[in-house]
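This report concerns only the one structure given below.
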C-alpha cells in the first residue's frame, strides 16, 4: 500500500471518529433544526422520533463511509474512490453553509467540524495523488510475459 493511501486511511478514520463527537456536541441544535415543531409545541414524542431518525441516519451514514474507506484502502476499488469524492463534493457546501450557525451555537463543535473538513480535503488529495494511482490500476490476469 502506498504511503499516500495509508495516510488517507488514517485521516479518514480520524474524521469518522470526530463525527460522533461533533454530533454529540451539536445535538440540540441539530434536533431543533430537524424537528422545529417538536420544540415549538413542546412535543416530546415528536422530539424522540426526530432524535431516533437522526441517530439511524447517522449510523447508516457511518456504515456507508466505513464500507467506502475499506473498499478504497483495502480492496483497491477505484470506483469507490470516485464515489467518496463525489459525496464529499456534494456535502461540503452544506457543511460550509452550516458553519456560522454551528459556531454561534457551539464553537467547539464548529472548530472540530472545520478540522474534520480540512482532514477530509487532505485525505482526498492523498488518495488522488500520483503516488496513489498505481494502487487503483487494474492488474493483468494471467501469466506474466517478459
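So, in the range 92-109, of the ones that are surrounded by 16 or more Cβ atoms within 10 Å (Cβ to Cβ) and in contact (Cβ under 8 Å) with a residue 24 or more places away in the chain, which residue ends up nearest to the chain's Cα centre (by Cα)? Can you show your working first?
Pass one, the range 92-109, residues surrounded by 16 or more Cβ atoms within 10 Å (Cβ to Cβ): 98, 102, 105-106, 109.
Applying the additional criterion that residues be in contact (Cβ under 8 Å) with a residue 24 or more places away in the chain yields 102, 105-106, 109.
Details: 102: 17, 105: 21, 106: 20, 109: 15 Å.
It comes out as 109.
Under 8 Å between Cβ atoms, at least 6 apart or on separate chains: pull out the pairs that start in the range 111-136 with a residue that is closer than 18 Å to residue 72 by Cβ and end on any residue that is at pLDDT below 95 and loosely packed, with under 15 Cβ neighbours inside 10 Å.
Note: pairs meeting the criteria are 131/3; 135/1; 136/78.
Here is a check on your reading of the model: is residue 102 closer than 20 Å to residue 14 by Cβ, at pLDDT below 95 and in contact with a helix residue (DSSP H, G or I) (Cβ under 6 Å, 6 or more places away or on another chain)?
Yes: the conditions hold for residue 102.
Residues to consider are 49, 35; find the one that is free of Cβ contacts under 8 Å to residues at least 60 places away in the same chain, more than 15 Å from residue 123 (Cα to Cα) and in contact with a helix residue (DSSP H, G or I) (Cβ under 7 Å, 6 or more places away or on another chain). So that I can check it myself, show each step before the final result.
Values: 49 fails: in contact with a helix residue (DSSP H, G or I) (Cβ under 7 Å, 6 or more places away or on another chain).
Answer to the selection: 35.
In this structure, does residue 117 turn out to be touching a helix residue (DSSP H, G or I) at 6+ places or on another chain (Cβ under 9 Å), part of a helix (DSSP H, G or I), modelled with pLDDT of 95 or more and farther than 22 Å from residue 24 by Cβ? Lay out the reasoning, then the answer.
Working: touching a helix residue (DSSP H, G or I) at 6+ places or on another chain (Cβ under 9 Å): yes; part of a helix (DSSP H, G or I): yes; modelled with pLDDT of 95 or more: yes; farther than 22 Å from residue 24 by Cβ: no.
Against the criterion (touching a helix residue (DSSP H, G or I) at 6+ places or on another chain (Cβ under 9 Å), part of a helix (DSSP H, G or I), modelled with pLDDT of 95 or more and farther than 22 Å from residue 24 by Cβ), residue 117 does not qualify.
The values are calculated or read from the model by the stated rules, or taken from the named source; none is laboratory data. Source: prediction; values computed, not measured. Heads up, the Cβs are rebuilt from the backbone with ideal geometry, glycines too, and the neighbour counts pull from every protein chain shown.
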